[in-house]
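Trainee: Have a look at this one before I ask anything.
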Amino acid sequence: MQPLKLLATGLQKSIRINLMMLMKWVFTVLCAVCVGATAYAQELAPIPPLQAHVNDYADILSPTTKTELEAKLTQLEKDDSTQVVVATVPSIGNEDIESYSIRLANTWKIGQKGLDNGVIVLVARDNRKVRIEVGKGLEETLTDLLAGRIIDYIIIPEFKNGDYDAGITKAVDAIIDIVKGKFDASSLKPQKSA
């Protein structure tokens, strides 16, 4: 009987040791995951507060352009209920523009409740990135294709010429025309920058 008792005691010790090693391993993995998640969360650029239809946190628009855009976008919202917002930020850090724009849209809640008819024109100056985020209620009107062409054929050529005011103003004008059904998509063709 003694050998069986010794064997059972040895097995118990072995199981306890293996269990302790497993618990240490699980604890180490959990700590690594928590540290990694914290580091990732710290890399996300902050979302600035929504102030108006034009939110120029990157300070790239002239005061005149801001005033004119604000008037146009306020009038569009009164006439059509569609909310279009311009957001310029200095940087989005290492985050991709799509993720940042979705976080911005979720935070700012652009568009009428139940209609989801909002649009955000986002410029990340230092990252040299632009995105037009369209609410689900406008996706059939302002398609991803049209949004991409506005960026490629209107905004980027003007930005390459150093004219942020013209790039944003022309993009907003195109979005307003699209929402009102007055836009000729054939006008969106590649332009040569000077």
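The values are calculated or read from the model by the stated rules, or taken from the named source; none is laboratory data. From a predicted model like this one, the values you see are computed outputs, not experimental measurements. Don't worry about glycine lacking a Cβ; one is built from the backbone with ideal geometry, like all the others, and counts go over all protein chains shown. When the accessible area is computed, the model is the full protein with side chains, heavy atoms only, and any ligands, DNA or RNA have been set aside. Shrake-Rupley method; radii C 1.70, N 1.55, O 1.52, S 1.80 Å.
Trainee: If you take every DSSP beta bridge fully contained in the stretch 50-194, what fraction is antiparallel? Give it as a percent rounded to 5.
Mentor: 40 percent
Trainee: If you don't mind, there's one more thing I want to ask. Hey, if we sort I150, I102 by accessible area with the 1.4 Å probe, largest down, what's the order?
Mentor: On the way: I150 0, I102 70 Å².
These residues rank, largest area first, as I102, I150.
Trainee: While we're here: Enumerate by residue number the trypsin sites (Lys or Arg not before Pro) in the stretch 147-187 meeting two conditions: DSSP loop (anything except H, G, I, E, B), and at most 14 other Cβ atoms within 10 Å of the site's Cβ.
Mentor: Here the sparse-neighbourhood loop sites are K180, K182.
Trainee: Let me ask something else. Quick check: residue separation of K78 and I102 times 0.36 nm, minus the Cα distance between them. What number comes out in nm?
Mentor: Stretched fully, the K78-I102 segment lengthens by 6.2 nm.
Trainee: Additional query: What is the sum of charges around N106, taking Lys and Arg as +1, Asp and Glu as -1, for the other residues whose C-beta is under 15 Å from the C-beta of N106?
Mentor: So the environment of N106 carries a net charge of +1.
Trainee: Here's something else I'd like to know. Ignoring ligands, DNA and RNA, what accessible area per residue does the stretch 50-188 give at 1.4 Å, in Å²? Write out the running numbers ahead of the final one.
Mentor: Working: 6840 Å² over 139 residues.
It amounts to 49 Å² per residue over the stretch 50-188.
Trainee: What does the C-alpha gyration tensor say about the overall shape of the stretch 71-155? Classify as rounded when a/c is under 1.5, otherwise prolate if a/b is larger than b/c, or oblate.
Mentor: Prolate, because a/c is 1.5 or more and a/b exceeds b/c.
Trainee: Just to be sure I understand: if I project the alpha-carbon convex hull of the stretch 74-113 onto a plane and average over all orientations, what area do I get in nm²?
Mentor: Here the figure is 3.4 nm², rounded to one decimal.
Trainee: Can you flag which of K72/K182; K66/K170; K109/K182 are past 20 Å Cα-Cα?
Mentor: Values: K72/K182 16 Å; K66/K170 13 Å; K109/K182 26 Å.
Check vs 20 Å cut-off fails for K109/K182.
Trainee: Mean separation of Cα pairs under 8 Å and 6+ residues apart, divided by the residue count of the stretch 53-194: what relative contact order is that in percent?
Mentor: Taking the mean separation of contacting Cα pairs over the length of the stretch 53-194, I get 21 percent.
Trainee: Let me ask something additional. Would you work out if the stretch 39-194 is rounded, prolate or oblate? Take a ≥ b ≥ c from the square roots of the eigenvalues of the alpha-carbon gyration tensor; rounded if a/c is under 1.5, else prolate when a/b is larger than b/c, oblate otherwise.
Mentor: rounded
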